[in-house]
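A short worksheet on the structure shown next.
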Amino acid sequence: MASSDSTLPVIPGTEPDKCAFDAFRIAIAKRISDSLGLPIEQVYTGVDYGKKGVDFTVALPRFRLPGKVDELAKKVISNFQPDEWVESITHDKAFLHFQLNSATMVHKVLTQVHNLTHLSPSGKPEYGTSDSGKGKRVVIEYSSPNIAKSFHVGHLRSTIIGAFLSNLYRACGWDVVSMNYLGDWGTQFGLIATGFEQYGSQEELEKDPIKHLFQVYVKVNKEAENDPTVKERAAQFFKRMEDGEEDALKNWRVWRELSVKKYAEEYERLNVQFDVYTGESAVGHKSQQDALERLEKMGLITDSEGAKLVNLEKWKLGSAILRKRDGTSIYLTRDIGGAVERYEKYKFDKMIYVVSAQQDLHLQQLFKIMNLLEYPFAPSMEHVNYGLVLGMSTRKGTVVFLEEIIREAGSVMKEQMMKNEEKASAIENPDETALEIGISGIKIQDMAAKRINNYTFNWDRMKSFEGDTGPYLQYAHVRLSSIARKNPNLLPLPSPPSEHLVTHPHLTSSSHARDIAFLLGSYPDVVRTALRTNEPSGVVTFAFKLSHAISSAWETVVVKGEENEEKAKARLWLYECAREVLAASMRLLSLRPLDRM
């Protein structure tokens with residue numbers, strides 16, 4: 001049964017053409033607004049998802065109206081006639097519960113999924129996305145490993161969360177600049193330069209620059225423990241780098257370039273791309289100096305044994321060092337200069353730093369200084385923090401490089417896949433497939449809980465196809481992809497689908513089919529919430545809920561072997577829409593949805 005949104009009032013900020021449930025919420029709000037004389041916008045904000053078995057719920061006390069709740073509820077219900085939007089209203093204590101008209105809901109949701117995933121060959125824009133960020137730009141800094149130090153699991157968390165945020169903001173219409181701000185400057189490069197003459201190998205460097213520079217760094221550090229002159233020589237060398245001496249910079253440039261090339265390959269395997277590779281070395285001396293001078297003029301700088309500090313005690317943020325005694329910069333000064341230069345270059349509306357919660361104080365100090373300096377963009381700087389990963393190393397317990405984590409994830413999954421040799425032999429690229437499933441396992445384990453929580457990484461959980469894991473999501477997508485392959489007689493499905501197919505009685509009367517359609521209808525809200533909270537866990541929870549609902553429907557919402565062709569087509573169409581939305585949620589989480597495994 002078709003239904004027109006044109007009969008509904010327009011509420012600013014809603015997008016019924018992109019989120020079918022906006023239309024239903026407006027219809028519910030209009031009903032209450034007409035009955036109780038409240039502004040429709042006010043009622044709209046009070047229409048919430050209901051508990052299990054209830055579509056939407058409104059808590060009447062939130063409107064602070066005079067009179068008893070029972071009488072207010074009676075006023076709404078006494079005027080009620082089922083219509084194309086709402087099937088029934090029930091009163092339960094302080095709440096009114098609303099059941100949507102199943103035929104309208106299924107029709108609107110599935111037609112919307114179809115229309116928004118068939119707009120262009122790439123399927124862009126995807127269902128669930130929004131135009132809320134149109135005309136706005138966000139710079140997202142994430143991953144940011146230190147060249148010549150191991151890419152530890154903290155960087156991996158930043159990479160996974162940052163990639164999710166880049167996908168999310170892009171999906172919501174923002175112009176995204178994803179930025180990898182490398183730790184490519186500082187005294188450790190003085191150390192490596194002095195150590196490289198002794199321990200370096202050009203051949204090893206070209207083979208694996210990140211690992212080799214780390215090995216040099218470890219050896220020279222050990223030497224420095226016993227010989228204090230090593231650190232002095234390193235500091236002098238770094239001072240020459242800061243002063244721009246070509247001789248001191250030439251090796252460093254080669255190391256940096258080789259390392260970036262290696263990182264880009266590893267990130268590609270993780271399905272992560274950066275628009276810009278920059279680093280501490282790229283921050284200009286002038287922008288750092290200008291900031292220091294501004295702080296001096298404002299009387300915010302104090303000298304302490306030749307070092308320069310900014311005193312933030314008044315805001316309970318301690319004192320922050322801005323210049324070392326030898327005159328070299330430290331990363332807070334570079335962060336201040338870097339923020340100014342980014343704004344000049346990108347004119348962003350928002351800048352997000354995806355950095356661990358261990359750096360909370362550093363970011364608070366940075367943001368406070370930017371606000372004290374009265375930079376107009378300072379209020380738009382945001383820190384998205386996260387907790388620690390505990391217990392992540394290779395299964396042998398060795399130091400972890402990104403490459404080792406990725407390789408291990410692939411081999412763990414390949415072991416699992418080979419347990420079923422018949423299925424494994426049917427896969428075209430078993431190594432690539434195993435790698436993809438393994439990476440899905442790592443990512444989902446990381447994003448499943450609120451990002452601020454610490455979590456203990458577990459290789460066994462990562463590789464499990466049961467329970468709420470990455471492999472389980474991939475399996476759910478593969479299963480959905482196989483339905484069309486196994487039923488070629490039902491293809492092609494009509495595009496756009498006929499109204500009769502959309503509102504086929506089987507889809508509207510089967511509770512399993514209705515549950516799937518209702519979940520698909522909720523996906524745009526899931527995306528909006530994620531954008532508001534910068535939180536991937538809600539999208540992960542949605543993907544699992546949808547996978548479970550599909551799994552529950554297999555036995556009753558059957559396609560293969562269904563004799564009534566129209567019924568089979570209606571069911572296939574539901575599953576195809578579910579596949580599109582599950583894939584969209586997986587892509588948001590930077591997973592590559594697999595069609596076979």
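The values are calculated or read from the model by the stated rules, or taken from the named source; none is laboratory data. Small disclaimer: the values here were computed from a predicted structure and weren't measured. A quick note on method: Cβ atoms are made from the backbone with ideal geometry, for glycine too, and the neighbour counts reach across all protein chains shown.
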TYR375 passes all but one of (1) over 26 Å from GLU266 (Cβ atoms); (2) part of a helix (DSSP H, G or I); (3) free of Cβ contacts under 8 Å to residues at least 40 places away in the same chain; which number fails?
(2)
Just checking, which of VAL58, VAL54, VAL76, VAL43 is assigned to a helix (DSSP H, G or I) and in contact (Cβ under 8 Å) with a residue 24 or more places away in the chain?
VAL76
Does VAL502 satisfy the criteria of being in contact with a His (Cβ under 6 Å, 6 or more places away or on another chain) and either modelled with pLDDT of 90 or more or of a type in the set (A, V, I, L, M) (or both)?
yes
Filter segment 283-310 down to the residues that are out of contact with any helix residue (DSSP H, G or I) (no Cβ under 8 Å at 6 or more places or on another chain) and surrounded by 15 or more Cβ atoms within 10 Å (Cβ to Cβ), then identify the one that is farthest from ASN371 (Cα to Cα).
ALA307
What tally of residues in segment 15-40 results from selecting those that are part of a loop (DSSP other than H, G, I, E, B) and under 25 Å from ALA73 (Cβ atoms)?
3
Would you check if there is a residue in segment 504-520 being touching a residue at least 24 places away in the same chain (Cβ under 8 Å), in contact with an Asp or Glu (Cβ under 7 Å, 6 or more places away or on another chain) and over 22 Å from GLU126 (Cβ atoms)?
yes
Unique match (being basic (Lys, Arg), within 22 Å of the chain's Cα centre (by Cα), farther than 26 Å from HIS383 by Cα and at pLDDT below 85) among LYS463, LYS423:
LYS463
Spans of helices (runs of 4 or more DSSP H) in segment 484-597 with at least 2 residues surrounded by 19 or more Cβ atoms within 10 Å (Cβ to Cβ), acidic (Asp, Glu) and in the same structural domain as GLY467 (by TED's automatic domain parsing)
565-588
Kindly provide the set of residues from segment 245-259 that are assigned to a helix (DSSP H, G or I) and surrounded by fewer than 16 Cβ atoms within 10 Å (Cβ to Cβ), ordered by number.
GLU246, ASP247, LYS250, ARG253, VAL254, GLU257
For segment 456-476, does any single residue satisfy the condition of being farther than 30 Å from SER356 by Cα, assigned to a helix (DSSP H, G or I) and in the same structural domain as VAL559 (by TED's automatic domain parsing)?
yes
Which listed residue is at pLDDT 90 or above, in contact with a helix residue (DSSP H, G or I) (Cβ under 6 Å, 6 or more places away or on another chain), assigned to a loop (DSSP other than H, G, I, E, B) and buried (at least 18 other Cβ atoms within 10 Å of the Cβ), from VAL272, VAL220, VAL216
VAL272
Top-ranked residue of segment 78-108 - restricted to ones that are among the β-branched types (Val, Ile, Thr) and modelled with pLDDT of 95 or more, ranked as surrounded by the fewest Cβ atoms within 10 Å (Cβ to Cβ)
THR90
Looking only at segment 117-146, which residues are modelled with pLDDT under 85 and touching a Phe, Trp or Tyr at 6+ places or on another chain (Cβ under 8 Å)?
THR117
How many residues of segment 130-152 are farther than 30 Å from SER281 by Cβ and buried (at least 24 other Cβ atoms within 10 Å of the Cβ)? The answer is 0
Six or more apart or on different chains, Cβ under 7 Å: which pairs go from a residue in segment 154-170 that's under 18 Å from ARG137 (Cβ atoms) to one that's outside any helix (DSSP H, G or I) and at pLDDT below 95? Could you list them?
TYR169/GLY133
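Yes/no matrix, rows are residues, columns are (1) touching a helix residue (DSSP H, G or I) at 6+ places or on another chain (Cβ under 8 Å); (2) under 30 Å from THR14 (Cβ atoms):
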site: ARG479; (1), (2): yes, no
site: VAL502; (1), (2): yes, yes
site: LEU519; (1), (2): yes, yes
site: THR529; (1), (2): yes, yes
site: THR533; (1), (2): no, yes
site: SER537; (1), (2): yes, yes
site: PHE542; (1), (2): yes, yes
site: LYS569; (1), (2): yes, no
